[in-house]
Amino acid sequence: MVVETAKAHEGQRMLVHAGAGGVGHFAVQFASYFGAHVIATGSARNAAFLRELGAAEVVDYTAGPFEEAVGEVDAVIDLIGDVAHETGSRSLRVIRPGGLYVNGPTGSFPTMREKAEAAGVRATGFRVSPDAATLAIVTRLLESRDVRVYVDRVLPLEEVAEAHRLIETGSTRGKIVLTVAEG
Ligand SMILES: NC(=O)c1ccc[n+]([C@@H]2O[C@H](COP(=O)([O-])OP(=O)(O)OC[C@H]3O[C@@H](n4cnc5c(N)ncnc54)[C@H](OP(=O)(O)O)[C@@H]3O)[C@@H](O)[C@H]2O)c1
């Protein structure tokens, strides 16, 4: 989403919604590693965490409409969509003409294409498909510690239901890890 689709680069302003989550904390790190000026949304308790990940600006989406705090951006990585507070639709308002909206959660913004066209911006969905070449680059970034994995909780496989309950709160930070065997 960040590197191949939104082509993160120096001088680019990129807004990442849900930057403290399992996907978002990588999105913020990749975008900032590749030089983008990252603006991340999250609640106040995640502000310091988001800055540590490389966000240049953090916007508390619970404090008021994010559109009022975010200037014009070149690209939005939206990990929320219209299912909460019309985040997808409202994101279109902060994208420069011809800029790019990328939606992560499948089905979360059914009117994306019409609304993006009306707003004069490009829009695309994204669904991850593992690719060896990309994973090799990600591995190098992890090994060099330029990118890190934040693990919120580690649970044994038997507690998978609890893992789902935690994810469903919508407020976990980084990843929940399930251990499937003793190492
Ligand atoms: N297309 C694909 O290939 C693909 C792959 C993986 C995941 N996904 C989808 O991508 C989405 C994100 O996944 P995830 O695993 O990163 O989720 P997650 O870890 O559950 O995200 C939790 C984070 O979202 C933040 N958050 C919640 N509501 C928010 C809002 N309205 N605005 C900004 N931040 C908000 C929370 O921060 P606060 O606690 O600070 O509110 C929390 O840190 C999910 O819908 C998932 O299904 C898609």
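The values are calculated or read from the model by the stated rules, or taken from the named source; none is laboratory data. This is a predicted model, so every value here is computed, not measured. Because the Cβ atoms are built from the backbone with ideal geometry, glycine has one as well, and the counts that use them run over all protein chains shown.
Determine, yes or no, whether Gly120 is at pLDDT 95 or above, assigned by TED's automatic domain parsing to the domain that holds Thr41, away from the ligand (no atom under 15 Å from the Cβ) and buried (at least 16 other Cβ atoms within 10 Å of the Cβ). First the steps, then the outcome.
Working: at pLDDT 95 or above: yes; assigned by TED's automatic domain parsing to the domain that holds Thr41: yes; away from the ligand (no atom under 15 Å from the Cβ): yes; buried (at least 16 other Cβ atoms within 10 Å of the Cβ): no.
In short, no.
Looking at region 96-111 only, could you name the residues that are over 25 Å from Ile167 (Cα atoms) and surrounded by 14 or more Cβ atoms within 10 Å (Cβ to Cβ)? Before you say what the answer is, go through the steps one by one.
If we filter region 96-111 for residues that are over 25 Å from Ile167 (Cα atoms), which is where we start, we get 96-100, 111.
The answer is Arg96, Gly99, Leu100.
Does Glu68 fit the bill of being charged (D, E, K, R), under 30 Å from Arg153 (Cα atoms) and not in a strand (DSSP E or B)? Please lay out each step first, then the result.
Working: charged (D, E, K, R): yes; under 30 Å from Arg153 (Cα atoms): no; not in a strand (DSSP E or B): yes.
So Glu68 does not fit the description; no.
Pull out all pairs, ordered by first then second residue, where Cβ-Cβ is under 7 Å, the residues are six or more apart or on different chains, the first lies in region 61-77 and is over 20 Å from Ala123 (Cβ atoms), and the second is outside any loop (DSSP other than H, G, I, E, B) and of a type in the set (A, V, I, L, M, F, W, C).
What qualifies is Ala69/Val59.
Val102 is checked against (1) within 14 Å of the ligand (Cβ to nearest atom); (2) over 23 Å from Gly174 (Cα atoms); (3) of a type in the set (A, V, I, L, M); (4) under 17 Å from the mean Cα position of the chain (by Cα) and fails just one. What number does that condition carry?
Among (1) within 14 Å of the ligand (Cβ to nearest atom); (2) over 23 Å from Gly174 (Cα atoms); (3) of a type in the set (A, V, I, L, M); (4) under 17 Å from the mean Cα position of the chain (by Cα), Val102 violates only (2).
Are any residues in region 57-78 loosely packed, with under 15 Cβ neighbours inside 10 Å and more than 9 Å from the ligand (Cβ to nearest atom), and if so, which ones?
Listed by number, the residues that qualify are Ala63, Gly64, Pro65, Glu67, Glu68, Gly71, Glu72.
Which one is surrounded by the most Cβ atoms within 10 Å (Cβ to Cβ) among residues in region 26-49 that are in contact with a helix residue (DSSP H, G or I) (Cβ under 6 Å, 6 or more places away or on another chain) and within 22 Å of Thr134 (Cα to Cα)?
Val28
Could you check how many residues of region 121-148 are in contact (Cβ under 8 Å) with a residue 60 or more places away in the chain, in contact with a strand residue (DSSP E or B) (Cβ under 9 Å, 6 or more places away or on another chain) and in a loop (DSSP other than H, G, I, E, B)?
1
Which of the residues that make up region 9-32 are more than 22 Å from Glu67 (Cβ to Cβ), more than 8 Å from the ligand (Cβ to nearest atom) and touching a residue at least 60 places away in the same chain (Cβ under 8 Å)?
Hits for region 9-32 are Phe26, Gln29, Phe30.
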